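The block underneath contains the structure these notes are about, expressed in structure tokens.
Bear in mind that the values in this text are calculations on the coordinates, not laboratory data. Just so you know, these numbers come straight off a predicted model, no measurement behind them. Please note: Cβ atoms are built from the backbone with ideal geometry, for glycine as well, and neighbour counts cover all protein chains shown.
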There are 2 protein chains.
Amino acid sequence: VTRNHSGPVRLADKFAAFDEPFAPRRIAHVNDFVVKAVKVRGEFVWHSHADTDEMFLVHRGSMTVRYRDRDVVLGPGQLHVVPRGIEHMTLADDTCEALIFEPAETINTGDSPGELTADDEPFI
Amino acid sequence: VTRNHSGPVRLADKFAAFDEPFAPRRIAHVNDFVVKAVKVRGEFVWHSHADTDEMFLVHRGSMTVRYRDRDVVLGPGQLHVVPRGIEHMTLADDTCEALIFEPAETINTGDSPGELTADDEPFI
């Protein structure tokens, strides 16, 4: 199994390779963690991850991490860590290109499986 | 202990807060992993990390990850994962602003302690 590319991973190339929103691609592995490229467009589902934090880092565009009591708005070059166990969702009016950093076994929809659950997150 | 900021973490602000090369600042935590902001300028020391991979993601400028048999040159928006156990060093002619993602307990100089070993990596 290929875990990592041997040369530079150009984020722009990775984001150019797919367009589907909320369909993460794996682009790098660091021990048991994975870096995923995701396009946020529209609204995701409310969910939480009981056992893990989750980091978002925006590459291009802007997105909102919505909590029940507040919004965190992220633009290019801005990151935010969602604490474990806290209900949240992501949303964006226009396409936002973001990286996600979390343990490789993390399910994108956490405790709310459904249509948006990504069964396969290919390595590209 | 503050592990994370509650709002957006602006990388530009974090990099503006210090200038010393090879003196990482912690800017976020994801479980037992940490995101560090580092300025690469000049040459680091050859070293390896026996037990962990290490990811570099360039924010601004460009840097080289040098292996004994090849160079990986990284520009803005490019990342690379150094595999565990592989001897490497980082270098840059001009200041390169980069993020490092690795387990929180990782020592920057790995198996080569010395003047460049960072004893304290403050959270900013």
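With label points set 7 Å from Cα along Cα→Cβ, the inter-copy distances at B:Asp19 are 4.7 nm, sorted shortest first.
In the assembly of identical copies, A:Trp46 has its label point, taken 7 Å from Cα in the direction of the beta carbon, separated from the corresponding points by 5.8 nm (ascending, one decimal).
Compute the label zone of B:Ser62 within region B:1-43: residues whose backbone N is under 20 Å from the point 7 Å along Cα-to-Cβ. Within reach of a label on B:Ser62: B:38-43.
Between the alpha-carbon centers of region A:34-54 and region B:55-113, tell me the distance in whole angstrom. Spelled out, the Cα-based centre of one part sits 27 Å from the other.
Using only atoms on other chains, find how many Cβ atoms lie within 10 Å of each Cβ of peptide A:7-14 and report the average.
Details: counts 7, 11, 9, 6, 6, 3, 2, 2.
Average per residue, whole number: 6.
The B:Asp94 and A:Leu91 beta-carbon pair, evaluated with R₀ = 41 Å, returns a calculated FRET efficiency of approximately 0.60.
Tell me the net charge near A:Met89. Cut-off is 9 Å between Cβ atoms, A:Met89 excluded, with +1 for each Lys or Arg and -1 for each Asp or Glu.
Details: positive: A:Arg66; negative: A:Glu43, A:Glu87.
Summing Lys and Arg as +1 and Asp and Glu as -1 gives -1.
What is the mean number of Cβ atoms from other protein chains located within 10 Å of the Cβ atom of each residue in peptide A:19-30, rounded to a whole number? Each step should come with its number before you reach the end.
Values: counts 0, 0, 0, 0, 0, 0, 0, 0, 2, 7, 4, 13.
Mean shielding count: 2.
For chain A, the relative contact order is 32 percent, taking Cα pairs closer than 8 Å that sit 6 or more residues apart in sequence and dividing their mean separation by the residue count.
Work out the mean other chain Cβ neighbour count within 10 Å for the residues of B:74-86 and drop it here as an integer.
5
For A:Lys39, list the lysines whose Cα falls under 23 Å from its own Cα; do not include residues on the same chain fewer than 8 positions away. Partners found: A:Lys14.
Applying 1/(1 + (r/R0)^6) with R0 = 25 Å to the Cβ-Cβ distance of A:Phe123 and A:Arg84 gives a FRET efficiency near 0.50. Each other copy places its own label point for B:Asp111 at 4.4 nm from this one, sorted shortest first, where the point lies 7 Å along the Cα-to-beta carbon line.
Across region B:89-101, rounded Karplus estimates of 3J(HN,Hα) from the backbone phi angles (6.51 cos²θ - 1.76 cosθ + 1.60, θ = phi - 60°) give 8, 10, 7, 7, 6, 9, 4, 10, 9, 9, 9, 10, 10 Hz, Gly and Pro being marked x.
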